[in-house]
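Structure record follows, encoded as structure tokens.
The values are calculated or read from the model by the stated rules, or taken from the named source; none is laboratory data. The model shown is predicted, which means the values in this text are computed figures rather than measured ones. Note that each Cβ is placed from the backbone with ideal geometry, even for glycine, and that neighbours are counted across all protein chains shown. Ligands, DNA and RNA are stripped out before the accessible areas are found, and what is left, the full protein with its side chains, is counted by its heavy atoms. Shrake-Rupley method; radii C 1.70, N 1.55, O 1.52, S 1.80 Å.
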Amino acid sequence: MTDPQIVLTERVQQALANAFGPEHADADPLIRPSQFADFQANVAMSLAKRLRRAPREVAAEIAAQLSDFPGTVEVSGPGFLNITLDDSWIATEASQMFDDPRNGVGTTTPPQTVVVDYSAPNAAKEMHVGHLRTTIVGDSLARLLEHLGNNVIRQNHLGDWGTPFGMLIEHLLDIGEDAAVAQLEAGMGTEFYQAARTQFDSDESFKTRSRMRVTTLQSGDPETMRLWHVFMDATVRYFNKVYTMLGVTLTDADIAGESMYNPMLEQTCDDLESAGVAVMSEGALCVFPPGFTGSDDKPLPLIIRKSDGGYGYASTDMAAVRYRVDDLKADRILYVVGADQALHFRMVFAAARQAGWLPDTVSAEHVQIGMMLGKDGRRFKTRSGESVKLTDLLQEAVDRGAAAIADRGYDEDVRAEIAHAVGMGAVKYADLSISHDSEYVFDYDRMLGFTGNTGPYMQYATARIRSIFRRGGYDPAAARGPIVLGEPAERALALHLLGFGAVVEQAARLAEPHRLCAYLFEAASLFSTFYEECPVLKADPDVREQRLVLCALTLRVLETGLDLLGVPVPERM
């Protein structure tokens, strides 16, 4: 079973080579879905200019080379090729897909080692909505890449080191370890930080103690390190509550925070300086990657070590690149980080390539995450203007999910389970269904709707298919092929399902989960049309069995696809 568009691309390219010579075999046939046929190939329009011939004439020669094609090819308009596949070909391919436990999804050959850097909250502050998108998008990419057979290494680059930890540890000592742990585990990181900051700004003795504590932290003093671990362990336990609620795959083993790279920073600077890649500028050690200039047209520095001897994000990120290439043996590194860091990452990647730490054989990509906005079009905040706590936002989604299904007669436990799935599915799908670099408006009413391209609509589509099998007394896993197509709605659904493997590969290759969302929404919409136009349980026995097979394949595709996105699928809605 192969995606029809891939089959058509290969067939048309071969036809181009046969008609006009092998030098045209790699031309893009420009095949797109069409309202006049299954697909339309527009290559004759662009090729005609190179061949200095009329587009219709070029199209006719291509069509002549497709005489053994499993369908019809017609020249249309100024030189379009309208392609319609045979029903029997679609049915055969769909039957093979049904027999494939991977639903037509292949594997990356050879598999790659892919590092996915995502979530990365700052341990010094509360985990807020700004971390929601990086966590959701990064986790879906990790799932997609892993499903394709790659070795995926998740990296949660926590902000767990630096000068703020001096005052945080001192504040922990002032209020007592037990009280501090209770606050941090309850998700009151922002309040903890603000209290420490207020004392730092108003109390000179506290400020002095905090600065001394930074020194003992950086020197690895055992008691300071013990206190740092008390703080971090409590903070991570809270992060894990959020991750569990969201249903993401990050674990403690994936933590690779700034503290991990701290022992590497001095060597990082020394190696860059000795290689001549980094130079001293105004007291700071800087790399000036070519092609980057400021508003004054002067070369833009990437500061590796500050003039006061301290290190910053660039220092850690350069060390991380080298570690991921040399130690983790990465073939591809994805940084799922806010779009506002675009310049920083372009400079880091350029500096790492300049140093020879990021060879051409390794891909480093910034998966830019757009800002979450409120209904007013501004950065999403509470009415008082503060950042929204992630746990509060997620709990409200669950509460609204419970309200949406309150009248469906479920007992308390089942209702709570479905409400959680609906709430989390709504939040995650709303995020994933748009391009990750786009800003989007966080709107509970829209994302929790049961119509349109929403999580609840997708979840309901799977629940409706399961209800067909439940009402008929059938088990989806017991359905048996082959698939037979008799009605246009059956044909349209089967043809679309054949594209599942290709869209999974494309979403992973381009790091764009929204492409999978769009595919799944179209599949659910086509199933809805099929459901309305093609009776299943009321059909004659032979037709019923055939349509149940198509239902089972649709269910598998929807459930697999939603799982790759990290969207939970309840048995009932």
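Search region 372-413 for residues being part of a loop (DSSP other than H, G, I, E, B) and touching a Phe, Trp or Tyr at 6+ places or on another chain (Cβ under 7 Å), and hand back the single one that is modelled with the lowest pLDDT. Even if it seems obvious, please write down each step before you answer.
Restricting attention to region 372-413, the residues satisfying the condition of being part of a loop (DSSP other than H, G, I, E, B) are 374-378, 380, 382-386, 388, 405-411.
From what is left, the residues that are touching a Phe, Trp or Tyr at 6+ places or on another chain (Cβ under 7 Å) are 374, 380, 388.
Working: 374: 81, 380: 72, 388: 69.
Ranking the qualifying residues of region 372-413, first place goes to 388.
In the set 145, 184, which member is part of a helix (DSSP H, G or I), under 31 Å from the mean Cα position of the chain (by Cα) and farther than 24 Å from residue 126 by Cα? Step through it out loud before you land on a result.
Values: 184 fails: farther than 24 Å from residue 126 by Cα.
On inspection, the qualifying residue turns out to be 145.
Test of understanding: among 92, 84, 108, 72, which residue is open to solvent by 10 Å² or more (accessible area, probe 1.4 Å) and in contact with an Asp or Glu (Cβ under 7 Å, 6 or more places away or on another chain)?
84
Residues of region 11-44 being modelled with pLDDT of 90 or more and of a type in the set (A, V, I, L, M), which ones?
Matches in region 11-44: 12, 15, 16, 17, 19, 30, 31, 37, 41, 43, 44.
If residue 223 satisfies all but one of (1) more than 30 Å from residue 568 (Cα to Cα); (2) within 30 Å of the chain's Cα centre (by Cα), what's the number of the condition it fails?
(2)
Being in a loop (DSSP other than H, G, I, E, B) and in contact with a Leu (Cβ under 7 Å, 6 or more places away or on another chain) is the filter here; which residues of region 60-103 pass it?
70
If only one of 477, 518, 492 is modelled with pLDDT under 95, open to solvent by 20 Å² or more (accessible area, probe 1.4 Å) and outside any loop (DSSP other than H, G, I, E, B), which one is it?
So the residue among 477, 518, 492 that is modelled with pLDDT under 95, open to solvent by 20 Å² or more (accessible area, probe 1.4 Å) and outside any loop (DSSP other than H, G, I, E, B) is 477.
Of the numbered conditions (1) under 28 Å from residue 311 (Cβ atoms); (2) open to solvent by less than 50 Å² (accessible area, probe 1.4 Å); (3) at pLDDT 95 or above, residue 161 satisfies every one except a single condition; which is it?
Every listed condition holds for residue 161 apart from (3).
Among 41, 37, 60, 120, which is the only one that is in contact with a strand residue (DSSP E or B) (Cβ under 8 Å, 6 or more places away or on another chain), farther than 30 Å from residue 232 by Cα and open to solvent by 30 Å² or more (accessible area, probe 1.4 Å)?
Result of the check over 41, 37, 60, 120: 60.
Which one is least open to solvent (accessible area, probe 1.4 Å) among residues in region 414-447 that are among the hydroxyl-bearing types (Ser, Thr, Tyr) and modelled with pLDDT of 90 or more?
The extreme case among them is 429.
Somewhere in region 271-284, is a residue part of a helix (DSSP H, G or I), open to solvent by less than 40 Å² (accessible area, probe 1.4 Å), modelled with pLDDT of 95 or more and over 30 Å from residue 143 (Cβ atoms)? Before you say what the answer is, go through the steps one by one.
Kept after step one, since they are part of a helix (DSSP H, G or I), are these residues of region 271-284: 271-274.
Cutting the leftovers down to open to solvent by less than 40 Å² (accessible area, probe 1.4 Å) gives us 272.
Still in the running and modelled with pLDDT of 95 or more: 272.
Adding the requirement that they be over 30 Å from residue 143 (Cβ atoms) leaves 272.
Scanning region 271-284, I find at least one residue that is part of a helix (DSSP H, G or I), open to solvent by less than 40 Å² (accessible area, probe 1.4 Å), modelled with pLDDT of 95 or more and over 30 Å from residue 143 (Cβ atoms), so the answer is yes.
Quick one: in region 170-190, of everything that is of a type in the set (Asp, Glu) and under 15 Å from residue 206 (Cα atoms), which residue is surrounded by the fewest Cβ atoms within 10 Å (Cβ to Cβ)?
Selected residue: 174.
Of the residues 233, 252, which is of a type in the set (D, E, K, R), under 26 Å from the mean Cα position of the chain (by Cα) and closer than 26 Å to residue 156 by Cβ?
Values: 233 fails: under 26 Å from the mean Cα position of the chain (by Cα).
Testing whether each residue is of a type in the set (D, E, K, R), under 26 Å from the mean Cα position of the chain (by Cα) and closer than 26 Å to residue 156 by Cβ leaves just 252.
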